[in-house]
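Take a look at the structure set out below.
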Amino acid sequence: MIGTGILKGMAVTARNFVGSYFEKERLITVQYPEERIPLPENYRNFPILIYDNDPEAGLRCVACKICEKECPPQCIYITKSDDKKPDYMGKPQFYPKVFDIDISVCMSCQICVEVCPFEAIKMDKDFELSKRERFDALLLRKEELSKSNEYYHRIHPVEAAAVDTNLAEAAAAAQAKKKAAAAAAAAKPTPVTPNPTTTSAPGSTSVPGATPPESSSSPTKS
Ligand code: SF4
Ligand code: SF4
């Protein structure tokens, strides 16, 4: 019958129109801030620095400055420490004396995260960061940027679990290498130290009962 297709199409449109008002999962308006839509795992806003257990001693960042160099708008500022502290694997490493990010300039590209070899910088999901002052208030210091690994697990559970696995594997590999090096050193034969009472030095005549070597030729006089 002519017009059946049009009627079917109109029925679909009408069902969706009415459903968009009553089916909860299809409502696109929420009563923010009382009501919030859970953010997807890969949502990102600005970077944060991850620490394990202690915000100062446990900071994973070793101030290598790779992220500072690679950041396209150059909004990361790092000053390296003069001394070293043990990293998460117990290896002495430098740490950032100063680590600032100007989030008024940051474009949330995540390049800093991609280039960091220490899993030290990750992307936060916090978007409620509006401030009255445009400049200083948006310059985040190390203390504001530092977040625990537990916080990272809360905002990016899948990614954080994968990072933990990688770090645990790297720590185990480093331990195994250390043990193998120690075992190899222990298995190496100890060099015998010459005993001065039983061995004579070249040309020496101090061995008891030994005949002094005769000189094959007299010194030539000119
Ligand atoms: S997310 Fe991009 S712009 Fe922001 S600090 Fe990292 S590298 Fe720089
Ligand atoms: S966050 Fe990563 S790349 Fe940036 S300085 Fe620290 S360790 Fe290096």
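The values are calculated or read from the model by the stated rules, or taken from the named source; none is laboratory data. This is a predicted model, so every value here is computed, not measured. Please note: Cβ atoms are built from the backbone with ideal geometry, for glycine as well, and neighbour counts cover all protein chains shown.
A compact table of results
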read-out: Any chance residue 125 is within 19 Å of residue 45 (Cβ to Cβ), under 23 Å from the mean Cα position of the chain (by Cα) and basic (Lys, Arg); value: yes
read-out: Hits in region 37-54 - residues which are within 28 Å of residue 86 (Cβ to Cβ) and either of a type in the set (Val, Ile, Thr) or surrounded by 14 or more Cβ atoms within 10 Å (Cβ to Cβ) (or both); value: 47, 48, 49, 50, 51, 52
read-out: Single residue of region 23-51 satisfying the filter (touching a helix residue (DSSP H, G or I) at 6+ places or on another chain (Cβ under 6 Å) and touching a residue at least 24 places away in the same chain (Cβ under 8 Å)) that is nearest to ligand 1 (Cβ to nearest atom); value: 47
read-out: Qualifying strands (runs of 3 or more DSSP E) (wholly inside region 52-155; at least 2 residues being farther than 23 Å from residue 167 by Cα and either in contact (Cβ under 8 Å) with a residue 12 or more places away in the chain or away from ligand 2 (no atom under 13 Å from the Cβ) (or both)); value: 76-80, 96-102
read-out: From 182, 170, 161, 174, residue being modelled with pLDDT of 95 or more and in a helix (DSSP H, G or I); value: 161
read-out: Residue count for region 86-128, restricted to those that are surrounded by 16 or more Cβ atoms within 10 Å (Cβ to Cβ) and charged (D, E, K, R); value: 7
read-out: Filter pass, residue 16 being away from ligand 2 (no atom under 16 Å from the Cβ) and in contact with a Ser or Thr (Cβ under 7 Å, 6 or more places away or on another chain); value: no
